[in-house]
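Participant: My questions will all concern the structure given below.
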Amino acid sequence: MDTTKNIKFNVQSLNLFYGDFQALKDISFTIYENEITALIGPSGCGKSTFLKTLNRMNDLEPNVTLHGSIQLDSQDINKDMDAIELRKRVSMVFQQPNPFPKSVYENVAYGPRINGIRKKAQLDEIVEHSLRQAAIWEEVKDRLHKSALGLSGGQQQRLCIARTLALEPEVILMDEPTSALDPISTMKIEDLASELKKNYTIVIVTHNMQQASRISDRTAFFLLGNLVEYDTTIKLFSQPSDKKTEEYITGRFG
Amino acid sequence: MASQKINTLSSSKNSTFQKIKNEYFWRTIIIACGLFIILLTLGIGFFLVVKGTGTFIRMHHTVWEFLFSSDWSPFDSTTESGGGVGAAIYIFGSISTCTLALLFVTPFSLASAVLMTEITPNAGVKLFQPAIEIFVGIPSVVYGWIGLTVLVPFIKQLFHPKMGGYSVLAASIVLAVMIFPTITTVSADAIRSVSSEYRKAAYGMGSTRWQVLYKVVIPAAAPGILTGVILGLARAFGEALAVAMVIGKTRAFPADILSPTNNLTAAIASDMGNSANGGEQNLALWTMALLLFIISVFFIFLIHIISGKEKKKHA
Amino acid sequence: MHNSAMKKRIAKAKAVDSVMTKLFYLIGSFFLVFLLVLAGYIIVKGILGFYPELLTFSSKGIGNQFFNTIYLVFLSLVISVPLGVAAGIYMAEYSRDGKFLTFLRICIESLSSLPSIVVGLFGYLVFILLTGAKWNLMAGALAVSILSLPLITTTTEDAIRSLPKGFKEGSMALGATKWRTISKVLLPACLPRIATGVILAAGRGFGEAAALLYTAGQSTIINWSNWDVTSSTCPLNPFRPGETLSLHIWAMRTEGSLNPNAPAIANFSAAVLVIMVLAFSLLARITARRISKKSGGQI
């Protein structure tokens with residue numbers, strides 16, 4: 001595979017159990033810096049579960065056991081790193097837009113504030129910068145201090161992305177970020193993702209094959225907890241090497 | 001039986017008629033019961049207003065005097081009038097004990113609500129919830145009795161106040177214990193109903209649990225918590241016998257929290273039975289009851305305003 | 001540099017988090033322990049002061065008061081349960097959403113937040129002064145009914161509203177009338193939940209004192225061999241004065257000098273009340289659990 005890029009995540013023999021149920025089976029692969037990696041597969045295939053392990057959100061669920069290693073910049077995230085620190089470097093955007101019931105400004109300022117930034121001028125700057133990066137500044141600049149719950153679903157999702165950007169993470173995990181949105185909002189988020197990969201590494205879970213092929217550099221296909229195939233997006237969608245991948249991307253099941 | 005078989009048509013007609021009559025009968029009873037609740041509430045309000053305004057209408061005192069004067073020397077007879085009906089001491093006694101109780105208990109209630117919902121939800125359901133339910137049920141006289149036999153001597157021993165342990169402090173502590181379950185349960189419900197999406201988002205950004213609670217969950221639950229605090233305050237305001245047993249029933253403004261004083265409910269409880277019906281003192285006590293009624297209705301409106309605002313925000 | 005500063009901040013945030021968590025544990029467990037110790041203290045102290053005469057139906061015992069308490073709560077339930085259940089049915093099935101229902105709800109909320117002493121005064125005015133009667137159990141029962149009415153009404157309404165739609169539709173589809181549907185299908189289905197509410201209301205009734213101060217009165221003269229219901233010393237006459245256990249505690253507070261046994265009587269009464277409250281809340285819990293078992297946690 002391509003070796004000119006830096007490796008961001010290195011996952012080795014990852015197994016995950018919910019109680020007795022094995023949700024991930026021996027997953028190994030690498031995620032590269034400044035790329036968009038798409039995770040696809042039918043629902044229940046383990047793609048979202050896998051995404052959560054990358055910033056240890058699975059810690060918050062009971063009865064989860066995990067074996068294997070996940071390295072971020074050659075550091076084991078489960079052994080050498082603190083979950084709080086990890087989540088600041090590897091942040092997550094969820095399927096349902098989930099702004100806090102606070103003003104637009106306070107939503108974006110949340111991350112910097114919990115990191116000890118208190119100066120108004122500095123916060124203002126971070127908020128504006130993050131909102132601009134998330135391509136929503138123009139739409140909300142006049143209502144920064146009104147409740148974020150008054151925004152449309154698409155705007156809320158971009159606000160959530162801005163909220164994540166304000167933390168200056170290295171990696172952004174997106175869990176089906178457009179599945180609750182209309183087509184126009186979806187386009188905006190996709191454009192945004194393509195723009196953001198210049199500075200960030202993005203891992204996106206999607207059930208939408210077109211979306212994966214449109215925006216991602218590499219795609220991983222999950223099925224029943226197995227990683228069936230992982231390749232550059234172009235290759236995987238044009239010449240899949242596994243029969244099941246072909247069946248899935250051509251829409252024969254899933 | 002036989003005649004029914006022969007004349008099926010008329011019997012079915014008859015039973016339909018019976019059915020409708022039956023239906024109509026029960027419908028009337030049910031609606032009457034619904035109306036009865038409204039009439040009862042209005043009736044209570046009406047009687048209290050009629051009795052409670054006697055001080056102002058029949059005895060020609062001013063509302064101002066009743067609320068802000070501390071000269072309480074009403075005549076206890078139906079023929080004389082012209083004494084003082086200033087209830088300021090009682091009103092101040094109610095306000096000061098309730099405010100103190102609230103100050104004491106709110107931090108503890110909040111902390112317990114957080115513990116039983118966010119930190120150990122399992123123990124919360126199995127241990128805290130049943131324990132709290134039981135303590136809602138403990139009769140207020142029992143709280144008062146414990147206050148009288150344990151707390152009052154304890155305060156006396158600890159601080160040696162001049163008038164013994166009967167004090168604003170004792171009343172506030174008894175009230176605080178009594179309203180602890182109310183504030184805790186309502187706050188816990190409010191915290192529980194905060195969308196887990198908010199928590200997910202905050203944890204996903206690397207917040208610690210305290211940060212999630214302090215910056216996201218508690219602000220989101222604030223209206224519900226406030227409702228709990230108001231309900232607690234309402235209960236404290238209306239509590240009579242438990243307070244009466246420990247407050248010292250002294251008609252004077254308290255010099256400090258270790259001094260005894262009196263409050264609205266204790267005054268009504270101890271003096272109403274001894275006052276001549278329709279006399280000046282009797283009517284002034286009714287005015288106090290009216291004041292309590294107004295306060296409790298006011299609290300209900302306050303809660304409605306808060307929940308109304310909340311609904312608007314989310315619409 | 002950025003990294004080490006961040007690490008420091010995280011360390012600080014985690015330290016604060018762990019301090020706060022410990023604080024929450026401390027406060028929460030303090031109250032739990034405090035409440036349990038309180039209940040234990042009341043019960044143990046009551047039992048320690050026990051002497052056999054406490055169980056007698058005389059001035060040295062609390063038998064009469066105990067009987068009065070049970071009888072009064074029974075009378076109050078006879079009044080408030082039919083009324084409350086009917087009003088709950090009205091709210092769930094007969095009323096239409098709108099200003100009237102909102103007003104009714106505000107009335108119920110106001111009733112439930114009414115200080116019990118105010119309800120007691122209302123009872124005093126209407127059931128004693130206006131009827132010209134003396135303190136009596138029935139007046140007390142009526143006052144307690146006013147206090148438990150809101151709880152029974154809201155429990156009934158919630159119970160009916162939380163039934164699956166299919167219950168009602170199924171019955172109506174078979175041609176049953178509305179009242180038949182309510183009485184034969186809906187009410188039986190939510191009977192356990194209503195029972196839970198009634199048990200809670202009864203538990204509260206046992207402890208009520210302020211509302212009885214000027215209605216049921218603070219004296220009791222019962223002749224246990226007199227079974228003429230019209231006589232004022234007959235135990236079953238609802239129109240005789242009847243001091244309840246909780247009022248007895250209130251009265252004992254001032255009788256220290258007259259009756260050397262007063263503290264022991266009050267302690268024992270308090271213990272009996274607390275045990276009754278415990279028993280009733282346990283009963284309510286068991287009833288509630290039965291429901292969720294029966295319905296497989298569906299309702």
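Bear in mind that the values in this text are calculations on the coordinates, not laboratory data. These numbers come from a predicted model, not from an experiment. Because the Cβ atoms are built from the backbone with ideal geometry, glycine has one as well, and the counts that use them run over all protein chains shown.
Participant: About the Cα centre of the protein assembly as shown, how large is the charge dipole given +1 on each Lys and Arg Cβ and -1 on each Asp and Glu Cβ? Please answer in debye to the nearest 20.
Facilitator: In total the dipole reaches around 1040 debye.
Participant: Next question. Given the DSSP H assignment, sum -39500 (n - 2.57) over each helix run of at least 4 residues in chain C and divide by its residue total; what's the result at 222 nm in deg cm²/dmol, nearest 500?
Facilitator: Per the formula, -22500 deg cm²/dmol.
Participant: Right, here's the next one. If one computes P(r) from the Cα atoms of the protein assembly as shown, what percent of pairs lie at distances over 45 Å?
Facilitator: Here the tail beyond 45 Å accounts for 44 percent of pairs.
Participant: Compare the peptides A:45-58, C:18-31 by average per-residue count of other Cβ atoms within 10 angstrom and give them in order, highest first.
Facilitator: Numbers: A:45-58: 22.4, C:18-31: 16.4.
The most tightly packed comes first, giving A:45-58, C:18-31.
Participant: Now for a separate question. Normalised by the empirical 2.2 N^0.38 Å for globular proteins, what value does the Cα Rg of chain C take?
Facilitator: 1.30
Participant: Which Cα, out of B:Leu291, B:Leu302, B:Ile179, lies furthest along the positive dipole direction of the range B:177-315 (beta carbon charges, K/R +1, D/E -1)?
Facilitator: After comparing all options, I get B:Leu302.
Participant: For n ≥ 4 DSSP H runs only, could you compute -39500 (n - 2.57) per run for chain B, divide by its residues and tell me the 222 nm figure to the nearest 500? Present the calculation step by step, with values, prior to reporting the outcome.
Facilitator: Details: 14 runs with 215 residues, N = 315.
Only helices count here, giving -22500 deg cm²/dmol.
Participant: Would you work out the relative contact order for chain C, in percent, from Cα pairs under 8 angstrom that are 6 or more residues apart?
Facilitator: Worked out over chain C, it gives 25 percent.
Participant: Counting only C-alpha contacts under 8 Å and six or more residues apart, can you give the relative contact order of chain B as a whole percent? Walk me through the numbers on the way to the answer.
Facilitator: Details: 403 pairs, mean separation 80.8, N = 315.
It rounds to 26 percent for chain B.
Participant: Please state the shape class of chain B: rounded when a/c is under 1.5, otherwise prolate if a/b exceeds b/c and oblate if not, all from the C-alpha gyration tensor.
Facilitator: Numbers: a/c = 2.23, a/b = 1.16, b/c = 1.92.
Verdict is oblate for chain B.
Participant: On to the next question. List the pairs from A:Lys79/A:Lys198; A:Lys119/A:Lys197; A:Lys88/B:Lys311; A:Lys47/C:Lys22; A:Lys197/A:Lys235; B:Lys311/C:Lys165 whose alpha-carbon separation is above 32 Å, in the order I gave them.
Facilitator: A:Lys88/B:Lys311; A:Lys47/C:Lys22
Participant: Got a sec? Charge dipole of the range C:49-295, +1 on Cβ for Lys and Arg, -1 for Asp and Glu; which of C:Leu245, C:Tyr124, C:Tyr90 is way out at the positive end?
Facilitator: Farthest along the dipole direction, towards plus: C:Tyr90.
Participant: In Å³ and rounded to a whole number, note down the convex hull volume per residue for the Cα atoms of the range C:135-181.
Facilitator: Residue-normalised Cα hull volume stands at 74 Å³.
Participant: Going by C-beta contacts inside 10 Å, put A:Phe29, B:Phe92 in order with the fewest on the left.
Facilitator: On the way: A:Phe29 16, B:Phe92 19.
Listed from fewest to most nearby Cβ atoms, that is A:Phe29, B:Phe92.
Participant: What residues qualify as long-range amide H neighbours of A:Ala38, i.e. H under 5 Å apart, gap of 5 or more or another chain, H built at 1.01 Å from N?
Facilitator: Here the answer is A:Ile204, A:Asp217, A:Arg218, A:Thr219, A:Ala220, since their amide H atoms fall under 5 Å of that of A:Ala38.
Participant: Across the residues of A:79-87, average count of Cβ atoms on other protein chains within 10 Å?
Facilitator: Numbers: counts 0, 0, 0, 5, 5, 13, 8, 2, 6.
The shielding value for this peptide is 4.
Participant: For chain C, set up a GNM with springs between Cα atoms under 10 Å and report which of C:Ala86, C:Ala211, C:Ala15 has the largest fluctuation.
Facilitator: Result: C:Ala15 has the largest fluctuation of those listed.
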